[in-house]
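J.: Sharing a structure, written as structure tokens. Questions coming.
Readers should treat all values here as calculations from the given coordinates under stated rules, not as data from a laboratory. Here the structure is a predicted model, which is why all the values come from computation and not from measurement. Cβ sites come from the backbone with ideal geometry, for glycine too, and all protein chains shown count toward neighbours.
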Amino acid sequence: MPPTILVIHGPNLNMLGRREPQIYGTTTLADIDAALLARGAAAGVNVVCIQSNHEGELVDAIQAHGWDALGIIINPGALTHYGLSLRDALAMLSAPIIEVHLSNVYQREAFRHTSVIAPIARGQITGLGWRGYLLALEWLLAERLPANGTTQG
Ligand code: DQA
């Protein structure tokens, strides 16, 4: 069984491409997932992508797939700012969690400046658009499967 990296997209991210493109860009969620799957396949890693508009479904997915994952990439959407059951589900895992945001949340409304996920995340990538997900995947591959990375340490 190849190792798995779990990618979780929270509420409204299924609308990428149509949703406020001036903020989130025109790349669709299907495009992002395809790019992650392709990069994962090239590295011999199984990338599992899940999107839901419902916090409980995300908790279910984390409980089902999180334990065996090599790492987690998550854009929690607005749940970033208040999703405590999502945070608790992630906190159970020992694999590194990377929090990704398409927009730079710190340049936006004050309510977006607080993340309940950040304290349990290994790192955060914010404001780099869809490429932020791929950068998170590169880090996980380099850190967790060093033979795939360029430089260790
Ligand atoms: C987001 C930022 C959140 O504040 C917002 O609720 C989202 C998307 C981002 O990717 O920039 O849904 O996580």
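Quick grid of which residues meet (1) in a helix (DSSP H, G or I); (2) surrounded by fewer than 20 Cβ atoms within 10 Å (Cβ to Cβ):
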| site | (1), (2) |
| --- | --- |
| V47 | no, no |
| N53 | no, yes |
| G56 | yes, yes |
| A61 | yes, yes |
| A64 | yes, yes |
| W67 | no, yes |
| I74 | no, no |
| T80 | yes, no |
| S85 | yes, yes |
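J.: Any idea how many residues of the stretch 87-123 are in a loop (DSSP other than H, G, I, E, B) and of a type in the set (D, E)? Reasoning before the result, please.
T.: Of the residues in the stretch 87-123, the ones in a loop (DSSP other than H, G, I, E, B) are 92-96, 102-104, 108-109, 114-117, 121-122.
Right, trim to of a type in the set (D, E) and you get 109.
Counting residues in the stretch 87-123 that are in a loop (DSSP other than H, G, I, E, B) and of a type in the set (D, E) gives 1.
J.: Something else: Is there any pair with a first residue in the stretch 14-38 that is small (G, A, S) and a second that is surrounded by 14 or more Cβ atoms within 10 Å (Cβ to Cβ) and not in a helix (DSSP H, G or I) whose Cβ atoms are under 6 Å apart and which are 6 or more apart or on different chains, and what are they?
T.: Sorted first by the residue in the stretch 14-38, then by its partner, the pairs are G17/T28; G25/G129.
J.: Can you find even one residue in the stretch 57-65 that is under 24 Å from E143 (Cβ atoms) and touching a helix residue (DSSP H, G or I) at 6+ places or on another chain (Cβ under 6 Å)?
T.: Looking for residues that are under 24 Å from E143 (Cβ atoms) and touching a helix residue (DSSP H, G or I) at 6+ places or on another chain (Cβ under 6 Å), one finds at least one in the stretch 57-65, hence yes.
J.: So which residues in the stretch 62-116 are away from the ligand (no atom under 15 Å from the Cβ), out of contact with any Pro (no Cβ under 8 Å at 6 or more places or on another chain) and not aliphatic (A, V, I, L, M)?
T.: Passing the criteria: Q63, H65, G66, W67, D68, S85, D88, S94, P96.
J.: Identify, please: which residue in the stretch 1-36 is more than 21 Å from L58 (Cβ to Cβ) and within 13 Å of the ligand (Cβ to nearest atom) and is, among those, surrounded by the fewest Cβ atoms within 10 Å (Cβ to Cβ)?
T.: Ranking the candidates gives Q22 first.
J.: If you go through the stretch 117-131, how many residues are of a type in the set (S, T, N, Q) and more than 8 Å from the ligand (Cβ to nearest atom)? Write out each step before concluding.
T.: Looking only at the stretch 117-131, we keep the residues that are of a type in the set (S, T, N, Q), and these are 124, 126.
Imposing the further condition that a residue be more than 8 Å from the ligand (Cβ to nearest atom) reduces the set to 124.
Result for the stretch 117-131: 1.
J.: Shifting gears a bit: Out of the stretch 6-34, which residues are among the polar types (S, T, N, Q) and at negative phi?
T.: Here is the first cut: in the stretch 6-34, the residues among the polar types (S, T, N, Q) are 12, 14, 22, 26-28.
Listed by number, the residues that qualify are N14, Q22, T26, T27, T28.
J.: If you don't mind, another one. Do we have A43 as away from the ligand (no atom under 16 Å from the Cβ) and either over 20 Å from R19 (Cα atoms) or of a type in the set (D, E, K, R) (or both) here? It would help to see each step written out before you state the result.
T.: Values: away from the ligand (no atom under 16 Å from the Cβ): yes; either over 20 Å from R19 (Cα atoms) or of a type in the set (D, E, K, R) (or both): yes.
Here the answer is yes, as A43 does meet what is asked.
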